[in-house]
Amino acid sequence: MKPCKADHVRKDVRKEVRIAVRIGLFLLFLLATVPAYCQRGTLDLNVGQVSDQFGALPSVTGAVLDINGQVAIFKANAKTGRPAIVGGGEVRAPFDTNQHAKELAAFGGVVFGVHNFSVEVDGEVRRIYTPPANVSGEIFNRSRMQLFELPVTLKYKFGPGKRAFISIKGEPEFTPHFKASSLATVALPNPGFDHGYMLRGSVGYDFGKWWYVKGTYETRYFKFNPNDIGNPNNLYNWKSNLITGGVGVRF
């Protein structure tokens, strides 16, 4: 690796660490500024595997770490019908970043609850560091994607003590904004976006007041214009499947 490229890589890593720290500090800020009687949040650590396929390249599977945090800035009020106001973030860190995308997200929204059923609507900003492509020995550095998303989550509690839960989260993907990789040697126009979606299902169980376990499956798809010069060999077309299991804490 050339020294200049090594410097770029180190700068990118430092930048990603700063972003992850900012998300963590944002969650801590919420906890510090919201009165204790209003605090209600979750933090879970999940491990599993992710399978990614870009264009016609072979699918690649690898290990991944996924961290999710959420806090209720204002709790719901059943008497007045006021929904809960929530905020949080996600960090997704694959073990092999040369084959799989790193992701950072921050969101805020409202949660409406009726008995054992709730609906959450969020506004979310997500940054995706798509990995480089290796085609016949040639390296193609994809641009980083930044998206504004509007996910909707449906959750239902059931069973003895209402400790078991199931949730379904989905969203259409809107046109991403792109920022070229610092390692890119050829400047290409942004690829023309066609459509995309994300679907995520989770099942879990609460162990008392503080702890819970959760299993999650997610599928996501991005399709770009196949005739676009910014999408050579369909290398931006992306199908991803994620399966994880983990433990979480309520506070």
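A few notes on this one:
- Residues in the stretch 36-85 that are among the charged types (D, E, K, R), under 21 Å from Thr153 (Cβ atoms) and more than 15 Å from the chain's Cα centre (by Cα): Arg40, Lys75, Arg82.
- Within the stretch 136-151, residues that are touching a residue at least 60 places away in the same chain (Cβ under 8 Å) have Cβ atoms under 9 Å from residues that are polar (S, T, N, Q) and assigned to a strand (DSSP E or B) in these pairs: Phe140/Asn134, counting only partners at least 6 apart in sequence or on another chain.
- Members of the stretch 199-233 found to be more than 19 Å from the chain's Cα centre (by Cα) and among the basic types (Lys, Arg), listed by number: Lys209
- If only residues of the stretch 227-251 that are assigned to a loop (DSSP other than H, G, I, E, B) and crowded, with 19+ Cβ neighbours inside 10 Å are counted, the one that is modelled with the highest pLDDT is Asn237.
- Criterion (more than 27 Å from Arg220 (Cβ to Cβ) and of a type in the set (A, V, I, L, M, F, W, C)) met by exactly one of Ala63, Ala76, Ala56: Ala76
Conditions (1) closer than 22 Å to Lys75 by Cβ; (2) among the polar types (S, T, N, Q); (3) surrounded by fewer than 18 Cβ atoms within 10 Å (Cβ to Cβ), marked per residue:
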| residue | (1), (2), (3) |
| --- | --- |
| Asp122 | yes, no, no |
| Pro131 | no, no, no |
| Leu154 | yes, no, yes |
| Lys162 | yes, no, yes |
| Tyr212 | yes, no, no |
| Asn225 | no, yes, yes |
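- Residue in the stretch 198-208 that is in contact with a Leu (Cβ under 9 Å, 6 or more places away or on another chain) and not hydrophobic (A, V, I, L, M, F, W, C) present: yes
The values are calculated or read from the model by the stated rules, or taken from the named source; none is laboratory data. Keep in mind the model is a prediction, meaning the values are calculated, not measured. Cβ coordinates were reconstructed from backbone atoms using ideal geometry, including for glycine residues, and neighbour counts include every protein chain displayed.
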